[in-house]
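J.: Quick one: the structure is below, questions incoming.
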Amino acid sequence: MEQKKLYDCFEKDFTIGNVRIGGDYGEIPTVLIGSIFYMNHRIVKDPQTGSFDEEKAGALIKTCNALSEQLGVKYMLDVIGNTPEALIRYITFLKGITDAPILLNATLPEVRIAALQELNRRGMLDGIVYNSINGFSTSEELEVLSRLPIQASVIQAYNPGSKKADGPYKVLTGKGGKEGFLDKAARAGMTKIMVDIPALDLSNMGTIPYAARVIKEELGIPVGTAPSNATYASPWLRNKETISTEQFRAVDASVNSYLAANGCNFLFIGPLDGCRWVMPSVAAVNAFHVYGKRSGGICPLTKEHPMYKVL
């Protein structure tokens, strides 16, 4: 009980931009997070300056917007940049064409921080999610974050010392005398957090729901994962001699839907183009689930829920 009180600063469900996330499964649709401007993304012309094909980027967003409106599944954008300059250029463009929340992502923390500081100077931090606070986050990084007007962050709950269901929970809460990742997030001033349970491979997909359940039952905060890390890296699914594009997409949609059906509040789906096959599948699962739970008093908290769109 004391531990739960300690983390009361973190919201159980919240809204970022135009997207609501969290809550008990069935009440709020699973949020899908698609990556754009990632390494080797063909629409990127120069990853250092952030030069890219605006027409093709706009077409990707237009497709995702249309599907989201049609199906009732909300999405966020994981924007990946090599430099602060590139990140600012990408985000400025996206904010001009969509209200979707943007996850600011870069390999180096100094790149993320520099981009955040510039966005703050421009008054553009609304709808921005920091990606991410993790085991490598330094005190200096957390201190800078605490001074910026940003409250939303992804937390990567990777526990290299345990593959058990409670492994991610332990790194969040700081078992064994170590500072927990939730404590780091609190020091950084975060109140809206999204716990990302690492997806290591396809077999890991079967254990993630149990890890998610531990976190939801103990803390109630939004939890999800990145099934794309498993599907796009799978030797089986990458073998084009035995697996066609259609077969890959069918499996990819199934994996995402399995995790949505097991209570994940959000899913990193990989390249944004994947919304074309993942979003309809997740919409169906969300709709079926909440329709079946109505007798137990569970109802959608939004009129845009897939139940009202696809059934």
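The values are calculated or read from the model by the stated rules, or taken from the named source; none is laboratory data. These figures come from a predicted structure and were not determined experimentally. All Cβ positions, glycine included, derive from the backbone under ideal geometry; neighbour counts span all protein chains shown.
J.: Mind checking which pairs have a first residue in segment 162-179 that is over 15 Å from I221 (Cβ atoms) and in contact (Cβ under 8 Å) with a residue 24 or more places away in the chain and a second that is in a helix (DSSP H, G or I) and not aromatic (F, W, Y), Cβ under 8 Å, 6 or more apart or different chains?
T.: A165/A211; A165/R213; A165/V214; D166/A211; D166/V214; G167/A211
J.: Of all the residues that make up segment 13-49, how many are within 16 Å of L77 (Cα to Cα) and of a type outside the set (A, V, I, L, M)?
T.: First, the residues of segment 13-49 that are within 16 Å of L77 (Cα to Cα): 15-21, 30-39, 41, 43-44.
If we keep only those that are of a type outside the set (A, V, I, L, M) too, we end up with 15, 17-18, 20, 30, 34-35, 37-38, 41.
The qualifying residues number 10.
J.: Here is a further query. Spot the failing condition for S234; the list is (1) more than 22 Å from V251 (Cα to Cα); (2) modelled with pLDDT of 95 or more; (3) not β-branched (V, I, T), and only one is missed.
T.: (1)
J.: Sort through L145, L119 and tell me the only one that's modelled with pLDDT of 95 or more, more than 21 Å from I221 (Cβ to Cβ) and in a helix (DSSP H, G or I). Walk me through how you get there before you give the answer.
T.: Numbers: L145 fails: more than 21 Å from I221 (Cβ to Cβ).
Within the list L145, L119, the selection yields L119.
J.: Just checking, does segment 115-131 include any residue being over 28 Å from K309 (Cβ atoms), of a type in the set (D, E) and surrounded by fewer than 22 Cβ atoms within 10 Å (Cβ to Cβ)?
T.: yes
J.: Looking only at residues that are closer than 16 Å to M279 by Cβ and in contact with a helix residue (DSSP H, G or I) (Cβ under 6 Å, 6 or more places away or on another chain) in segment 42-73, which one is surrounded by the most Cβ atoms within 10 Å (Cβ to Cβ)?
T.: Once the filter is applied, the top-ranked residue is V73.
J.: How many residues does segment 170-224 hold that are of a type in the set (S, T, Y) and within 18 Å of the chain's Cα centre (by Cα)? Show your work before the answer.
T.: Narrowing segment 170-224 to residues of a type in the set (S, T, Y): 173, 191, 203, 207, 210.
Now drop any that are not within 18 Å of the chain's Cα centre (by Cα), which leaves 191.
Residues flagged as of a type in the set (S, T, Y) and within 18 Å of the chain's Cα centre (by Cα) within segment 170-224 amount to 1.
J.: Continuing with this model, one more query. Does segment 156-192 hold any residues that are basic (K, R) and outside any strand (DSSP E or B), and which are they? I'd like the intermediate steps shown before the answer.
T.: Taking segment 156-192 and keeping what is basic (K, R), we get 163-164, 170, 175, 178, 184, 187, 192.
Once the filter is applied, which keeps residues that are basic (K, R) and outside any strand (DSSP E or B), segment 156-192 yields K163, K164, K170, K175, K178, K184, R187.
J.: I've got another one for you. So for segment 32-43 (the condition being of a type in the set (A, V, I, L, M), within 30 Å of R294 (Cβ to Cβ) and at pLDDT 95 or above), does at least one residue qualify?
T.: The first filter runs over segment 32-43 and keeps only residues of a type in the set (A, V, I, L, M), leaving 32-33, 36, 39, 43.
When the remaining residues are screened for being within 30 Å of R294 (Cβ to Cβ), the result is 32-33.
Now narrow it down to the ones that are at pLDDT 95 or above: 32-33.
So far as segment 32-43 goes, yes, one or more of its residues are of a type in the set (A, V, I, L, M), within 30 Å of R294 (Cβ to Cβ) and at pLDDT 95 or above.
J.: Give me the pairs: first residue in segment 188-199 and touching a residue at least 24 places away in the same chain (Cβ under 8 Å), second residue surrounded by fewer than 22 Cβ atoms within 10 Å (Cβ to Cβ) and of a type in the set (D, E), beta-carbon distance under 7 Å, and six or more apart or on different chains, which are they?
T.: Close Cβ pairs (under 7 Å, with a partner that is surrounded by fewer than 22 Cβ atoms within 10 Å (Cβ to Cβ) and of a type in the set (D, E)) amount to T191/E11; K192/E11.
J.: Please list, ordered by first then second residue, the pairs with beta carbon atoms under 9 Å, 6 or more apart or interchain, first in segment 100-114 and under 22 Å from P271 (Cβ atoms) and among the hydroxyl-bearing types (S, T, Y), second part of a strand (DSSP E or B) and modelled with pLDDT of 95 or more.
T.: Once the first residue is under 22 Å from P271 (Cβ atoms) and among the hydroxyl-bearing types (S, T, Y) and sits in segment 100-114, its partners that are part of a strand (DSSP E or B) and modelled with pLDDT of 95 or more give T107/I80.
J.: So which of L67, L103, L71, L119 is under 27 Å from Q156 (Cα atoms) and within 20 Å of the chain's Cα centre (by Cα)?
T.: Numbers: L67 fails: under 27 Å from Q156 (Cα atoms); L71 fails: under 27 Å from Q156 (Cα atoms); L119 fails: within 20 Å of the chain's Cα centre (by Cα).
Only one candidate passes the filter, namely L103.
J.: Right, next: If you take the residues of segment 89-101 that are of a type in the set (V, I, T) and farther than 16 Å from A114 by Cβ, which of them is surrounded by the fewest Cβ atoms within 10 Å (Cβ to Cβ)? Don't jump to the end; show me each part of the working.
T.: The initial filter retains those residues of segment 89-101 that are of a type in the set (V, I, T), namely 91-92, 97-98.
Add one more test, that the residue is farther than 16 Å from A114 by Cβ, and what stays is 97-98.
Values: I97: 13, T98: 20.
Among them, the one singled out is I97.
J.: Being of a type in the set (G, A, S) and farther than 21 Å from V31 by Cα, is that true of even one residue in segment 199-219?
T.: Quick first cut of segment 199-219, residues of a type in the set (G, A, S) only: 199, 203, 206, 211-212.
Still in the list and also farther than 21 Å from V31 by Cα: 203.
Checked against the condition, which is being of a type in the set (G, A, S) and farther than 21 Å from V31 by Cα, segment 199-219 yields at least one hit.
J.: Which pairs do you get when a residue that is in contact (Cβ under 8 Å) with a residue 12 or more places away in the chain, found in segment 229-242, comes within reach of a residue that is part of a loop (DSSP other than H, G, I, E, B) and of a type in the set (G, A, S), reach meaning Cβ atoms under 8 angstrom, with the pair 6+ apart or on two chains?
T.: N229/A199; A230/A199
A quick yes/no check of all residues on (1) in a helix (DSSP H, G or I); (2) among the aromatic types (F, W, Y); (3) under 16 Å from the mean Cα position of the chain (by Cα):
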| site | (1), (2), (3) |
| --- | --- |
| E246 | yes, no, no |
| R249 | yes, no, no |
| G263 | no, no, yes |
| L267 | no, no, yes |
| C275 | yes, no, yes |
| S281 | yes, no, no |
| V285 | yes, no, no |
| M307 | yes, no, no |
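J.: What residue, of V195, V214, is in a helix (DSSP H, G or I) and either in contact with a helix residue (DSSP H, G or I) (Cβ under 9 Å, 6 or more places away or on another chain) or among the charged types (D, E, K, R) (or both)? Break it down stepwise before answering.
T.: Working: V195 fails: in a helix (DSSP H, G or I).
So the residue among V195, V214 that is in a helix (DSSP H, G or I) and either in contact with a helix residue (DSSP H, G or I) (Cβ under 9 Å, 6 or more places away or on another chain) or among the charged types (D, E, K, R) (or both) is V214.
J.: From the set of residues in segment 274-311 that are charged (D, E, K, R) and more than 20 Å from M76 (Cβ to Cβ), which is surrounded by the most Cβ atoms within 10 Å (Cβ to Cβ)?
T.: Quick first cut of segment 274-311, residues charged (D, E, K, R) only: 276, 293-294, 303-304, 309.
Then drop every residue that is not more than 20 Å from M76 (Cβ to Cβ), which leaves 293-294, 303.
Values: K293: 15, R294: 12, K303: 9.
Checked segment 274-311; the qualifying residue surrounded by the most Cβ atoms within 10 Å (Cβ to Cβ) is K293.
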